[in-house]
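Everything below concerns the one structure shown next.
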Amino acid sequence: MKGVVLAAGVGSRLRPLTSNKPKCLVEVNGKPLLDYQLDAYRAAGIGEVVIVTGYEAAAIENHVRHIDDLTIRLVENVDFESTNNMYSLYLCRELLRDTPFVLNNADLAVDDDIVARLVQDPRGDLIAVDSGQFDEESMKITLTDDGERVTDIAKTITEDVAYGNSIDHYKFSVESAAALMAHVVDVIEVRKSLKDWTEVALQTLIKSGDLPMQPLDIAGARWVEVDNYVDLAIADMLFSELGTELEGIKVAFIDIDGTLVTGDAPIPGGAEFVERARARGIKIYFLSNNSSRAKSDYVTKLAGIGITATVEEIVLSTDGLASFLLSRKTRGVYVLGTRALKASLEELGLPVVEDDAEYVVVGYDTELDYAKLRTACRNLNRGADILATHPDVWCPSEDGPIPDIGALLQMLEATVGKKPVHVFGKPQREMITHLITEYSPDEVLVVGDRLYTDVTLAKNAGVRSAAVLSGETQRDALDGASVSPDIIVPSVANLLVG
């Protein structure tokens with residue numbers, strides 16, 4: 001028994017993810033689609049897999065070249081732009097002569113046991129079907145009255161007669177494989193029809209009775225055919241290491257900007273998510289790197305979008321900054337930040353000065369003017385060091401990205417040649433570690449919209465993370481990222497909804 005993976009297509013509906021990579025290498029929960037299929041062949045004991053490449057063929061070749069526990073046969077469809085997947089199957093005809101095989105398209109994320117269930121079933125010719133689903137875009141099948149034989153396969157089959165969705169995994173006996181390949185050769189070589197789908201060949205042979213296919217019902221198994229970003233979002237959630245029900249989570253640190261609000265506008269479903277979490281006994285903290293507001297301001301801001309919070313539940317980047325300055329008995333700081341940041345430091349007894357500062361504290365300054373920049377540079381030129389409340393380069397707003405501390409730090413470095421000696425806030429683990437001493441790592445979750453702050457904070461603290469796509473991070477940034485969240489969701493509205 002061999003495996004055959006048809007992977008020549010362009011996957012244009014997944015651009016920009018597929019602008020420079022084939023669709024089969026798009027990642028679902030940090031794992032390329034192709035690897036889901038290869039793992040399924042491994043689990044079934046199939047040791048030889050034929051992969052038909054086309055678009056970005058070199059990327060697939062590079063991806064599989066170090067695989068040594070499977071025999072990978074690569075066949076390149078150089079005419080992938082002017083042909084379809086039946087032509088790709090045609091190119092495999094010599095490798096598949098006189099052998100049974102399992103066939104699938106390469107855009108599937110599937111459970112590891114899918115192919116094994118096909119192979120272990122004693123029936124010779126099977127279509128893996130999810131009887132519990134009906135989707136307009138998927139291939140559906142109909143059955144004989146006794147449910148034993150497939151009578152049709154097509155996208156156009158209506159719900160009232162459909163048995164279920166084909167998941168594009170097929171098993172062929174030697175005899176049926178020969179019948180299928182003979183028909184494919186006729187279509188390609190005699191009829192010169194290069195744009196047909198393999199499923200058209202299956203439909204023709206099934207209807208004529210020359211292909212005795214039977215259904216293998218895999219209802220309840222996980223599978224997603226990934227054609228577009230909606231499919232990808234479903235796959236990310238379905239195959240995540242942490243389910244959307246957040247089983248086992250006892251404390252959650254929820255980022256505010258980009259996760260619950262954009263500017264002052266609430267993200268739909270944010271307040272309801274917090275309510276659901278609290279109803280399930282999850283302890284909630286609200287995180288922000290935004291140092292322009294006091295904690296009481298955030299309590300008011302959250303109340304404005306329907307979320308009740310206490311000052312004790314607000315964790316800001318300025319917490320670590322204040323602790324650092326107090327522990328060093330700092331003689332004076334100049335604050336390149338808002339009046340609220342300045343007041344919060346003064347309330348703690350820290351000396352805020354205009355000249356001869358030991359540190360220039362750089363915060364998210366919504367009150368920035370040139371005079372403040374000049375004073376900051378004067379102190380830096382006289383020997384002061386920079387402390388930054390957080391590293392964010394830009395902040396999400398109703399009008400799109402606006403400059404944050406990271407951009408300001410780059411300007412100061414270009415001007416005076418200094419970088420911050422310490423950056424507080426996310427992703428520094430100290431932002432949350434003092435609040436999680438009584439929990440195990442698997443019981444702690446960080447929810448946020450940024451890989452380099454929220455997800456990296458979770459990694460640094462050794463806890464779980466959920467990345468939302470409602471703020472800075474776009475889905476294409478997650479493929480090949482240096483850090484991977486435990487779950488990816490469009491927004492917090494998708495969590496705890498079961």
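The values are calculated or read from the model by the stated rules, or taken from the named source; none is laboratory data. Computed from a prediction, not measured in an experiment: that's the story for all the values here. As a convention, Cβ positions derive from the backbone with ideal geometry for all residues, glycine included, and neighbour counts pool all protein chains shown.
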Problem set entry | In region 217-237, residue surrounded by the most Cβ atoms within 10 Å (Cβ to Cβ) [restricted to those that are touching a residue at least 60 places away in the same chain (Cβ under 8 Å) and farther than 18 Å from Asp168 by Cα] | Asp236
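If you go through region 222-229 one residue at a time, do you hit one that is part of a loop (DSSP other than H, G, I, E, B), outside the structural domain of Asp449 (by TED's automatic domain parsing) and touching a Phe, Trp or Tyr at 6+ places or on another chain (Cβ under 7 Å)?
Within region 222-229 (the criterion being part of a loop (DSSP other than H, G, I, E, B), outside the structural domain of Asp449 (by TED's automatic domain parsing) and touching a Phe, Trp or Tyr at 6+ places or on another chain (Cβ under 7 Å)), the answer is yes, since at least one residue qualifies.
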For this session: Among what's in region 100-109 and is part of a loop (DSSP other than H, G, I, E, B) and within 24 Å of the chain's Cα centre (by Cα), pick the residue that is surrounded by the fewest Cβ atoms within 10 Å (Cβ to Cβ).
Result: Asp107
For this session: Could you list all residues from region 234-269 that are closer than 30 Å to Leu387 by Cβ and assigned to a loop (DSSP other than H, G, I, E, B)?
Result: Ile256, Gly258, Thr259, Leu260, Gly263, Asp264
Exercise. Among the helices (runs of 4 or more DSSP H) contained in region 270-327, which hold 2 or more residues that are in contact with a Phe, Trp or Tyr (Cβ under 7 Å, 6 or more places away or on another chain)?
Worked result: 295-303, 317-327
Exercise. Residues in region 65-97 that are within 24 Å of Arg117 (Cβ to Cβ), outside any loop (DSSP other than H, G, I, E, B) and among the hydrophobic types (A, V, I, L, M, F, W, C): how many?
Worked result: 2
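Table: residues versus (1) over 21 Å from Leu287 (Cβ atoms); (2) buried (at least 21 other Cβ atoms within 10 Å of the Cβ).
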position	(1), (2)
Thr308	no, no
Thr318	no, yes
Ser323	no, no
Ser327	yes, no
Thr330	yes, no
Leu368	yes, no
Lys372	yes, no
Gln410	yes, no
Ala414	yes, no
Seminar exercise, completed: Flagged in region 386-404 as within 14 Å of Val335 (Cβ to Cβ) and either free of Cβ contacts under 8 Å to residues at least 60 places away in the same chain or in the same structural domain as Gln474 (by TED's automatic domain parsing) (or both), in numbering order, are Ile386, Ala388
Problem set entry | Leading residue by the ranking (farthest from Ala294 (Cα to Cα)) among those in region 333-359 that are modelled with pLDDT of 90 or more, of a type outside the set (A, V, I, L, M) and buried (at least 17 other Cβ atoms within 10 Å of the Cβ) | Glu358
Problem set entry | Complete set of residues in region 258-295 that are out of contact with any helix residue (DSSP H, G or I) (no Cβ under 8 Å at 6 or more places or on another chain) and more than 20 Å from Leu435 (Cβ to Cβ) | Gly258, Thr262, Gly263, Ala265, Pro266, Ala271, Glu275, Arg276, Ala279
Problem set entry | Meets criteria (out of contact with any strand residue (DSSP E or B) (no Cβ under 8 Å at 6 or more places or on another chain), more than 24 Å from Gly11 (Cα to Cα) and not aromatic (Phe, Trp, Tyr)) for Asp160 | yes
Exercise. Could you list, in sequence order, the residues of region 312-369 that are over 22 Å from Asp404 (Cα atoms) and either of a type in the set (Lys, Arg) or outside the structural domain of Pro401 (by TED's automatic domain parsing) (or both)?
Worked result: Glu312, Glu313, Arg328, Lys329, Arg331
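Table: residues versus (1) in contact with a Leu (Cβ under 8 Å, 6 or more places away or on another chain); (2) acidic (Asp, Glu); (3) more than 29 Å from Pro268 (Cα to Cα).
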site	(1), (2), (3)
Ala414	no, no, yes
Gly425	yes, no, no
Met431	yes, no, no
Ser440	no, no, yes
Leu451	yes, no, no
Val468	no, no, no
Ala477	yes, no, no
Problem set entry | Test for Asp121: is it assigned by TED's automatic domain parsing to the domain that holds Ala219, more than 30 Å from Val190 (Cβ to Cβ) and surrounded by fewer than 23 Cβ atoms within 10 Å (Cβ to Cβ) | yes
Problem set entry | Search result, residues across region 414-458 that are in contact with a Ser or Thr (Cβ under 7 Å, 6 or more places away or on another chain), in a loop (DSSP other than H, G, I, E, B) and free of Cβ contacts under 8 Å to residues at least 40 places away in the same chain | Pro427
For this session: With the condition kept exactly as written, say whether any residue in region 375-388 is of a type in the set (Asp, Glu) and in a loop (DSSP other than H, G, I, E, B).
Result: no
